[in-house]
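**Q** Below is one structure. I have some questions about it.
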Amino acid sequence: MGFVGGSVTLAIDKERIGVLIGEKGRVKKRIEELLDVKIEVDSKTGEVKILPKGERPDPLKLMKARDIVRAISYGFNPDVAMLLADDDMFLEVIDLKQHSSGRREDIIRIAGRVIGEKGKARRMIEELTGAHISIYRQYVAIIGNYDQVRIAKTAVEMLINGRQHATVYKYLVRARREMKLRGLGLWYGGTRSEF
């Protein structure tokens, strides 16, 4: 991923190019219109170039477009990825290779712990934090506001490090309660949640 002359270039998984472009180019066009950028996709190499439009390009919009493209490349549905256009939303990515021997079997085992039986662990993290989680290839990606991402990331790291699922769920319930007591609350879909 690099910045060249006011543009951003990154490589994405070729399997995700169709999702980034969308049916009849709708997803790509939506990102371009939302953030006033132009996106060029090389479907042979997976290279994506994001260029600013207009006389006075906004570097922040360029970064947001980059994060949306990255989120789609990490397996998120484009509608969820588009949440990153909001100033309060963030993308955090955990590379499971960095938490294992790097062997495929280890990565699958660790990803399985994060997913949980029938998807329970992932679902509990999402429900108790309000964050969105995608597990794709060797990556666990999280989208949410600062507090949602922080708590979800801690829960994921606890699972990666071998903590029992019950311990992680207790942590999530406690973290959610502490947020409420501090008066900050967790954000769900742009509205403050009541507990």
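The values are calculated or read from the model by the stated rules, or taken from the named source; none is laboratory data. The structure presented is a predicted model; accordingly, all values stated were derived computationally and were not measured. A quick note on method: Cβ atoms are made from the backbone with ideal geometry, for glycine too, and the neighbour counts reach across all protein chains shown.
**Q** Quickly run through the range 169-182 and pick out the residues that are under 12 Å from residue 156 (Cα atoms) and in contact with a Leu (Cβ under 6 Å, 6 or more places away or on another chain).
**A** Going through the range 169-182, the residues under 12 Å from residue 156 (Cα atoms) turn out to be 169, 171-172.
Listed by number, the list holds a single entry, 172.
**Q** How many residues does the range 41-80 contain that are among the small types (Gly, Ala, Ser) and in contact (Cβ under 8 Å) with a residue 40 or more places away in the chain?
**A** Restricting attention to the range 41-80, the residues satisfying the condition of being among the small types (Gly, Ala, Ser) are 43, 46, 54, 65, 71, 73, 75.
Going one step further and asking which of them are in contact (Cβ under 8 Å) with a residue 40 or more places away in the chain, we end up with 65, 71, 73, 75.
Residues flagged as among the small types (Gly, Ala, Ser) and in contact (Cβ under 8 Å) with a residue 40 or more places away in the chain within the range 41-80 amount to 4.
**Q** Let me ask another. In this structure, does residue 102 turn out to be on the phi > 0 side of the Ramachandran plot and either in contact (Cβ under 8 Å) with a residue 40 or more places away in the chain or in the same structural domain as residue 26 (by TED's automatic domain parsing) (or both)?
**A** Answer is no for this residue.
**Q** Is there a residue in the range 140-151 that is over 26 Å from residue 16 (Cβ atoms), touching a strand residue (DSSP E or B) at 6+ places or on another chain (Cβ under 6 Å) and not aliphatic (A, V, I, L, M)?
**A** Taking every residue of the range 140-151 in turn, none turns out to be over 26 Å from residue 16 (Cβ atoms), touching a strand residue (DSSP E or B) at 6+ places or on another chain (Cβ under 6 Å) and not aliphatic (A, V, I, L, M).
**Q** Write out, first by first residue and then by second, each pair whose Cβ atoms fall under 9 Å of each other, whose residues are 6+ apart or on separate chains, and whose first residue, in the range 4-30, is within 28 Å of residue 56 (Cα to Cα) while the second is assigned to a helix (DSSP H, G or I) and among the hydroxyl-bearing types (Ser, Thr, Tyr).
**A** 10/73; 11/73; 12/73; 20/73
**Q** Just to be sure, is residue 37 over 18 Å from residue 146 (Cβ atoms), touching a strand residue (DSSP E or B) at 6+ places or on another chain (Cβ under 6 Å) and crowded, with 20+ Cβ neighbours inside 10 Å?
**A** So residue 37 fits the description; yes.
Residue by residue, here is whether (1) at pLDDT 95 or above; (2) over 22 Å from residue 72 (Cβ atoms) holds:
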| residue | (1), (2) |
| --- | --- |
| 100 | no, yes |
| 113 | yes, yes |
| 116 | yes, yes |
| 126 | yes, no |
| 154 | yes, yes |
| 159 | yes, yes |
| 164 | yes, yes |
